[in-house]
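The values are calculated or read from the model by the stated rules, or taken from the named source; none is laboratory data. Keep in mind the model is a prediction, meaning the values are calculated, not measured. All Cβ positions, glycine included, derive from the backbone under ideal geometry; neighbour counts span all protein chains shown.
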Amino acid sequence: MRAGRLAALVAAGLGLLACAPGTPAPPAEPHDLPRRVWLPEEPPRAVILAVHGFNDYSNAFTDFGAFAAEQGVAVHAYDQRGFGANPDPGRWPGTAALIEDLLRERERLGTLYPDTPVYLLGESMGAAVIIAAAARDAPLDDDGIILSAPAVWGGDQLSRFYRATLWVMVRVAPGLELTGNGLKIMASDNIEMLRGLSADPLFIKGTRVDAIAGLVELMDIAALSVDRLGGPLLVLGGARDQVVPPGAHQAMLRRLTAQPCVEIVYPDGYHMLLRDLQREAVWNDILAWIDHKTIASGSAVRCPDAGATPAEIETAAEGPAAPGRESL
């Protein structure tokens, strides 16, 4: 089962993870990154910078972006280098390049919205990129971070056997592409959406072996550096996630020290929470958290950090701290 998960993580391309050292492709210049934006009719009360997952691209946030814009929140997304409409999709540009992309996009939004709160939303690999940036003390200057099904299967959660196998494969067949066909891994219960991705020419179908090395590198950084994240922080997970093992997710939560921090686990949620059949519940919870309102799903709890007492791990009623108000 774990072997299937690992292959699905890196080969099936169902909304996850990151890629390779090896021989990077010539990267696109950051200012050339393809972008999508969803804007409300009036000036937004908040802005979300959305960072997509592995093999995916900015199109991942189309439905959520339209929904948020209708609620007065702007959503900006971009294709990370090596993905989507960028040159040489599927070739890993390096973790440093992904962090550089994130910082440049954040800086751009700071220019566009100097007086508007900006939140970072990372889905799967996108969440790992945000964590990696925080680990390097990058100036994210955010008003809050949202991690959706973060790609954190690294560190002590990934066995020596997998690492040894990967070491050999990268040296024997780094360019071999794996598709994940035949693996019984469901990234979402939204079958229509998954079929759409399979027909989408910008969604990568085959993953290079050397991309798996980059995946492990990025997940290692994410898994071991979450204690560098500051709050406010919202962590979203699906109880039915078949891509990131629950043990890896729980290990990440144990390392978190950010405060305030809220965790929501959706009983019927899969890995692609923002596009699952119950996606609107997730969307509403994100916006409620941003607006410092009661979480609509009623399933928010404090993140259990190393210094928390059992009494502190309780139902959360509000999102990030508003001025003059006590936060979770």
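From Ala133, Ala128, Ala68, grab the single residue that is of a type outside the set (D, E, K, R), farther than 24 Å from Leu218 by Cβ, in contact with a helix residue (DSSP H, G or I) (Cβ under 7 Å, 6 or more places away or on another chain) and part of a helix (DSSP H, G or I).
Going through Ala133, Ala128, Ala68 in turn, the sole match is Ala68.
Got at least one residue in segment 80-90 being at negative phi, surrounded by 20 or more Cβ atoms within 10 Å (Cβ to Cβ) and part of a helix (DSSP H, G or I)?
The answer is no; no qualifying residue exists.
Might you check whether a residue that is hydroxyl-bearing (Ser, Thr, Tyr), in contact (Cβ under 8 Å) with a residue 24 or more places away in the chain and touching a strand residue (DSSP E or B) at 6+ places or on another chain (Cβ under 9 Å) occurs anywhere in segment 201-209?
Yes: segment 201-209 contains one or more residues that are hydroxyl-bearing (Ser, Thr, Tyr), in contact (Cβ under 8 Å) with a residue 24 or more places away in the chain and touching a strand residue (DSSP E or B) at 6+ places or on another chain (Cβ under 9 Å).
Select from segment 274-295 the residues that are closer than 22 Å to Ser188 by Cα and crowded, with 16+ Cβ neighbours inside 10 Å and list them in ascending order.
Result: Leu274, Arg275, Asp276, Gln278, Arg279, Ala281, Val282, Trp283, Asn284, Asp285, Ile286, Leu287.
When you check Ala69 against the structure, is it crowded, with 17+ Cβ neighbours inside 10 Å, over 24 Å from Gly231 (Cβ atoms), at pLDDT 95 or above and more than 15 Å from the chain's Cα centre (by Cα), yes or no?
In short, yes.
Tell me whether segment 92-108 contains one or more residues that are assigned to a strand (DSSP E or B) and either over 23 Å from Ala248 (Cα atoms) or modelled with pLDDT of 95 or more (or both).
Narrowing segment 92-108 to residues assigned to a strand (DSSP E or B): none.
The answer is no; no qualifying residue exists.
Cβ-Cβ below 9 Å, separation at least six or inter-chain, first residue in segment 61-74 and touching a residue at least 60 places away in the same chain (Cβ under 8 Å) and within 14 Å of Tyr113 (Cβ to Cβ), second among the basic types (Lys, Arg) and surrounded by fewer than 16 Cβ atoms within 10 Å (Cβ to Cβ): which pairs?
Every condition considered, the pairs that remain are Val73/Arg45.
Just for segment 134-171: of the residues that are hydroxyl-bearing (Ser, Thr, Tyr) and at pLDDT below 75, which one is farthest from Asn284 (Cα to Cα)?
Thr165
If Ala60 meets every condition in (1) modelled with pLDDT under 95; (2) surrounded by 15 or more Cβ atoms within 10 Å (Cβ to Cβ) apart from one, which number is that one?
Failing condition for Ala60: (1).
Which of the residues belonging to segment 138-151 are more than 16 Å from the chain's Cα centre (by Cα) and either over 18 Å from Asp220 (Cβ atoms) or β-branched (Val, Ile, Thr) (or both)?
Pro139, Asp141, Asp143
Between a first residue in segment 210-229 that is among the basic types (Lys, Arg) and a second residue that is modelled with pLDDT of 85 or more, which pairs have beta carbons less than 8 Å apart while being 6 or more apart in sequence or on different chains?
Close Cβ pairs satisfying both conditions: Arg228/Ile131; Arg228/Ala134.
Looking only at segment 178-214, which residues are within 17 Å of Asp56 (Cβ to Cβ), surrounded by fewer than 17 Cβ atoms within 10 Å (Cβ to Cβ) and modelled with pLDDT under 85?
Thr179, Gly206
Quick check on segment 256-266. Is at least one of its residues under 15 Å from the mean Cα position of the chain (by Cα), closer than 27 Å to Ala66 by Cβ and in a loop (DSSP other than H, G, I, E, B)?
Checked against the condition, which is being under 15 Å from the mean Cα position of the chain (by Cα), closer than 27 Å to Ala66 by Cβ and in a loop (DSSP other than H, G, I, E, B), segment 256-266 yields no hits at all.
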